[in-house]
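Below is one structure; the comments refer to it alone.
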Amino acid sequence: MRKSWSISLVTASLVAAGVLPVSPAVAAPPGATLAAAAERGGRYFGAGVQSYKLADPAYTAILDREFAVVTPENEMKLDATEPVRGRFSFGPADRIVAHAEQRGMRVRGHTLLWHSAQPSWLAALQGTALRDAMLNHVTQVAAHFRGRVQAWDVVNEAFADGTSGARRDSNFQRTGDDWIEAAFRAARAADPDAKLCYNDYNIENRAHAKTQAVHRMVRDFRQRGVPIDCVGLQSHFTATHPVPADFEATLRDFADLGVEVQLTELDVEGSGATQAEDYRRVVRACLAVDRCTGITVWGVRDSDSWRSSATPLLFDANGVKKPAYTAVLDTLNRGPCR
Ligand code: 9MR
């Protein structure tokens, strides 16, 4: 520690004396926010947001200061955007997109097709009628946000838990195995510039059947030219689903297929130094893999979380930075270590 400090002092005085050129490494100060620190390593740092919270100045103060990318937690889901067949409703999602654009933040779209949060009219359909309605939904929603969403979770959570490695049973799945690729093709046609992601939970552990099944699907899509650009690993970590020892290897396995990987809904149950260390490991794993392009935490303060009693986020209910925040900021500022 002392050694590198004195070396950088010597370097700095040589630069000041005009002996050495100013290099970006010397000139760039550590990032003071999550977004700035991530940016130094060429990554983004984002948060899941809820439109009704944009009216809370304590919430937006943290959001606008710390994050470069926002993901609407619920406002782009099927039940929110097409509550009645063919009648689209974009108000709350548009409010989030406008908030982001006014502040130079980017948007992750979540999600075009998910077996959950379906409006009742859609859940009642089957066969060709259902398939047509699914693809029309993808087309209409992706077209509405065309050019304004940097990456879409085109399909969310389509694989079963457990050891089967099978697709999850759902009305979507019952229209035929090819529903996922059909959705990706429709999304590409509707918004050619958005990155198209497959997103899921419990695919962080390389040894798990579900992880391997998703990996096989992405490999197959790449081989057959189905337009897929990224895999989103939700990364909801708990005591029973901890950060796996092989997390970096999992990210690398997906990245080796030629897709980006993004941590899309990160949160870690716990508190204090243990939680901080878990967060540090997650960020380090992403930084170690070139194609891991960014991290989104699933909420701003613990009180904003879908599982607030697990205190899984980086700010406490009062908006105070937690040890986990400091660990993430510090790890991002250290950058990719090889
Ligand atoms: O955080 C979201 C919560 O507010 C919603 O009630 C819930 C149901 O729509 O979805 C939560 O977000 C989920 C995400 O969309 C997909 N992965 C799991 C997330 C946590 O349940």
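Structure remark: mean-square fluctuation, Gaussian network model of the chain, C-alpha springs under 10 Å; the largest value among Arg43, Arg167, Arg103 belongs to Arg103.
So for the chain: antiparallel DSSP bridges make up what percent, rounded to the nearest 5?
For the chain, the DSSP antiparallel bridge percentage is about 10.
Given the DSSP H assignment, sum -39500 (n - 2.57) over each helix run of at least 4 residues in the chain and divide by its residue total; what's the result at 222 nm in deg cm²/dmol, nearest 500? Using -39500 (n - 2.57) per qualifying helix, the result is -12500 deg cm²/dmol. Expressed as an acute angle from 0 to 90° and rounded to the nearest 10, what is the orientation of the C-alpha long axis of helix 179-190 relative to the principal long axis of the chain? Taking the Cα atoms of the chain, the angle to 179-190 is about 70 degrees.
Ranked by how many other Cβ atoms sit within 10 Å of their own Cβ, fewest first, the residues Ile62, Ile228 fall in the order Ile62, Ile228. Mean-square fluctuations from a GNM of the chain, with a 10 angstrom spring cutoff on Cα atoms, peak among Gly232, Gly294, Gly86 at Gly86.
Within the chain, count lysine pairs with alpha carbon atoms under 28 angstrom apart where the residues are 8 or more positions apart or belong to different chains. Don't skip to the end; give the middle numbers.
Details: Lys53/Lys77; Lys53/Lys195; Lys53/Lys321; Lys53/Lys322; Lys77/Lys195; Lys77/Lys210; Lys195/Lys210.
Taking the Cα cut-off of 28 Å, the pair count is 7.
For the chain, the longest principal axis of the C-alpha atoms and the axis of helix 209-224 are separated by about 80°. Compared with the direct C-alpha span, the chain from Gln212 to Ala98 gains 37.3 nm at full extension, assuming 0.36 nm per residue. Lacking any other cysteine beta-carbon closer than 4.7 Å, the following Cys residues of the chain have no compatible partner: Cys337. Of Ser120, Ser308, Ser235, which is the most mobile in a GNM of the chain whose springs link Cα atoms less than 10 angstrom apart? Result for the chain, Cα springs under 10 Å: Ser120 fluctuates most. For the chain, relative contact order (Cα pairs under 8 Å, six or more residues apart, normalised by length) works out to 16 percent. Count Lys and Arg as plus one, Asp and Glu as minus one, and take only other residues whose Cβ is under 13 Å from that of Asp178; the net charge is then +2. The Cα center of the stretch 171-220 and the Cα center of the stretch 89-165 differ in position by 13 Å.
What FRET efficiency would be calculated for the residue pair Ser164, Trp121, taking the C-beta separation as r and a Förster radius of 30 Å, to the nearest 0.05? Working from the Cβ atoms, E equals 0.50.
Please arrange Asp290, Asp177 by counting, for each residue, the other beta carbons lying within 10 Å of its beta carbon, fewest first.
Numbers: Asp290 12, Asp177 9.
So the residues, fewest neighbours to most, are Asp177, Asp290.
Each reported figure results from applying straightforward, stated rules to the coordinates on display, with no laboratory input. Remember, predicted model here, so these are calculated numbers, not experimental data. When we count neighbours, we look across all protein chains shown, and the Cβ atoms used for this are built from the backbone with ideal geometry, even at glycine.
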